[in-house]
Amino acid sequence: MRVATVGTAVLLALSACGGSPAPRPSAPQPTTAPTLGPGGSPAPRPGPSSGPDCADPAGQADTPDASYRTLLGVVAVPSGRTLEVAPSGRSSPRLFAKWGLLVRTGQTVQVSVGDGWASRARVGWGSGVEPAASVRITACPQGSAPQPWTAFAGGTWLDKAACVPLVIRAGGRSVRLRMPVGVSCS
């Protein structure tokens, strides 16, 4: 039996999400009014929100394929292409770029928008996701998954296409990158 590459796993997982470009979580019943930021959108959360875990993967893969780059040895992100944006179905952020995130089995990573971008861009992965300025993602525990990489569907929300600065942290290390969301970063 041939093992599918991560690109195939992510593409299949993302295509299974249906025609809507962004996940539509059910609305929680707040007990107090949310804090609003500039433009009337919800204010960014102060710390990393809890993202998906082993119970909420889009798939698993043996290895990231050529359309992904591996960072810090434990996370893989799209590389070499500008991410397509589509209407998010929200009043703000108005746009969404769907992309899969791969996390090595047994690892936890944190993905955050860069300094000064919390009011302009949000990230999130998993079903029922609520976009946040920073998200912690936990892959399946080592030895519990049939393949070494766990794939999560999600992406980036923003009001205007941009080259979005991201900070990825794992194992006490971090890396900064610029994600081309609707526009090239070159």
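The values are calculated or read from the model by the stated rules, or taken from the named source; none is laboratory data. Small disclaimer: the values here were computed from a predicted structure and weren't measured. For neighbour counting, all protein chains shown are included, and Cβ atoms are generated from backbone atoms with ideal geometry for every residue, glycine included.
Odds and ends about this structure:
- Lone unmet requirement of (1) more than 16 Å from Leu72 (Cβ to Cβ); (2) touching a Cys at 6+ places or on another chain (Cβ under 7 Å) for Thr105: (1)
- Any hit, region 147-168, residues being in a loop (DSSP other than H, G, I, E, B), farther than 11 Å from Pro57 by Cβ and touching a Pro at 6+ places or on another chain (Cβ under 6 Å): yes
- Region 120-146, residues that are assigned to a strand (DSSP E or B) and of a type outside the set (A, V, I, L, M, F, W, C): Arg122, Gly124, Ser134, Arg136, Thr138
- Test for Ser174: is it over 13 Å from the mean Cα position of the chain (by Cα), in a strand (DSSP E or B), of a type in the set (S, T, N, Q) and modelled with pLDDT of 95 or more: yes
- Pair list, Cβ < 7 Å and 6+ apart or interchain, from region 124-137 residues that are without any contact (Cβ under 8 Å) to a residue 60 or more places away in the chain to residues that are crowded, with 23+ Cβ neighbours inside 10 Å and among the β-branched types (Val, Ile, Thr): Pro131/Val123
- Test: residue in region 113-122 that is of a type in the set (A, V, I, L, M) and closer than 20 Å to Pro64 by Cβ: no
- When the residues of region 81-114 are filtered to those that are more than 23 Å from Asp159 (Cα to Cα) and touching a strand residue (DSSP E or B) at 6+ places or on another chain (Cβ under 9 Å), the one that is surrounded by the fewest Cβ atoms within 10 Å (Cβ to Cβ) is Thr108.
- Within the span defined as region 159-168, every residue fails to be charged (D, E, K, R) and either farther than 20 Å from Thr82 by Cα or free of Cβ contacts under 8 Å to residues at least 40 places away in the same chain (or both).
- Candidates Gly143, Gly128 - the one that is at pLDDT below 95 and more than 14 Å from the chain's Cα centre (by Cα): Gly143
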